[in-house]
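Trainee: Sharing a structure here in structure tokens format.
The values are calculated or read from the model by the stated rules, or taken from the named source; none is laboratory data. Just so you know, these numbers come straight off a predicted model, no measurement behind them. Cβ atoms come from the backbone with ideal geometry, glycine included; neighbour counts cover every protein chain shown.
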Amino acid sequence: MNANTNQQGKGLHPLTSGAFPNYTDNNTLPFQIAPAAGKCDPVVLVSPHPGVMLAGLGDGSVRTVSSTISVATWLNACIPDSGQPLGSDW
């Protein structure tokens, strides 16, 4: 078995495999919006835009994601094969 697959043979997802910190524990988003100089976290996405982050989607479109998005909606958007619906904040 490949180290990058689980028992069902599906690839491990970085948000759920433990490869990144568990942001659901403290209900913070795994991205930063306009952090102060010197305060960028090198292991998370960073947006220089105040209040939003630009996200490229699989269909080639780009949308803004508000800093008020819930962690649940963000994770559901990042793991499309979970089957979970996106929240109204998407």
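Trainee: Quick one: is LEU29 at pLDDT 60 or above, of a type in the set (A, V, I, L, M, F, W, C) and not in a loop (DSSP other than H, G, I, E, B)?
Mentor: Spelling it out, it is not the case that LEU29 is at pLDDT 60 or above, of a type in the set (A, V, I, L, M, F, W, C) and not in a loop (DSSP other than H, G, I, E, B).
Trainee: On to the next question. Just the residues that are in a helix (DSSP H, G or I), hydroxyl-bearing (Ser, Thr, Tyr) and surrounded by 14 or more Cβ atoms within 10 Å (Cβ to Cβ), please, taken from the range 68-90.
Mentor: Of everything in the range 68-90, just one residue is in a helix (DSSP H, G or I), hydroxyl-bearing (Ser, Thr, Tyr) and surrounded by 14 or more Cβ atoms within 10 Å (Cβ to Cβ), namely THR73.
Trainee: Counting only residues that are assigned to a loop (DSSP other than H, G, I, E, B) and either in contact with a Leu (Cβ under 8 Å, 6 or more places away or on another chain) or surrounded by 10 or more Cβ atoms within 10 Å (Cβ to Cβ) (or both), how many does the range 32-67 have?
Mentor: 10
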